[in-house]
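Notes follow the structure.
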Amino acid sequence: MKYIKLATSFNFGEVMSVIVASALLPFLPETPIQLLMEGLLYDFGQMTLPFDHVDKEDLEKPKSLSIKSLKNFIFFMGPLSSAFDLVVFAFLWFFFNIRDAATFQTIWFSYSITSNLVGMHIVRTAKLPFIQSNAHKAVYISSVALIAVRNINTIYTIRYSNRSSSTSHSLHCFNLRRNFPLLHWCNICKESVY
């Protein structure tokens, strides 16, 4: 149930954010490949949720799957996460004055993964996460690994961006090999297997 709640609510919020930002910004807030990569990484992070600890209260009074409860959760958490996203968009645009599409998209990609991870730890329990309720070690390990992958991709993208000329700078965000070394590595592995 945790995975269903998390995946549906954050995907709903992400779609709302991208639609609103696409209407307001002169460029896409994230490229399609970034959205796919973000979803892939986030799903990998959630794969450890079956190992997660269940709070004693939930074991004493198990909850059944309720579509109404799920719908209410989606329509609350989705717009709430979208509101946070739009605040970040506004800060990037007005406060930090970031007008370059590639830089904006890279920062947004990093923020999205981090906010989804924080959201996962908040939603996984009704108690105060990290203090009153601790996740299983596998959940923490996957979270740290996901942040490490995010940091490597972000650093790699920024380093390449600083080396590129102004003419190729706008094109590098669409280059799979340069912007997402993890996807490039997966492609190499796939080619060697098949």
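Laboratory data are not the source of any read-out in this text; all were calculated from the coordinates shown. Because the structure is a prediction, the values reported are computed rather than measured. Methodologically, a virtual Cβ is constructed for each residue, glycine included, from the backbone with ideal geometry; neighbour enumeration extends over all protein chains shown.
So if R0 is 35 Å, what FRET efficiency would THR8 and TRP93 give, r being the distance between their Cβ atoms, rounded to the nearest 0.05? Given R0 = 35 Å and the Cβ-Cβ separation, E is 0.80. Near the amide H of ASP55, within less than 5 Å, lie no amide hydrogens of residues on another chain or at least 5 residues away, with H placed in the peptide plane. Straight-line cross-link reach from LYS2 at under 21 Å between alpha-carbon atoms covers these lysines, not counting any fewer than eight positions away in the same chain: LYS56, LYS61, LYS63, LYS68, LYS71, LYS127, LYS137.
Annotation: amide H-H contacts under 5 Å for SER133 (H modelled 1.01 Å from N, sequence separation of 5 or more, or interchain): LEU128.
When you filter the chymotrypsin sites (Phe, Trp or Tyr not before Pro) in the range 81-158 for DSSP loop state and at most 14 other Cβ atoms inside 10 Å of their Cβ, you are left with PHE96, PHE130.
Here the spin labels are modelled as points 7 Å beyond Cα on the Cα-Cβ line, and at HIS136 and ALA148 they lie 2.0 nm apart.
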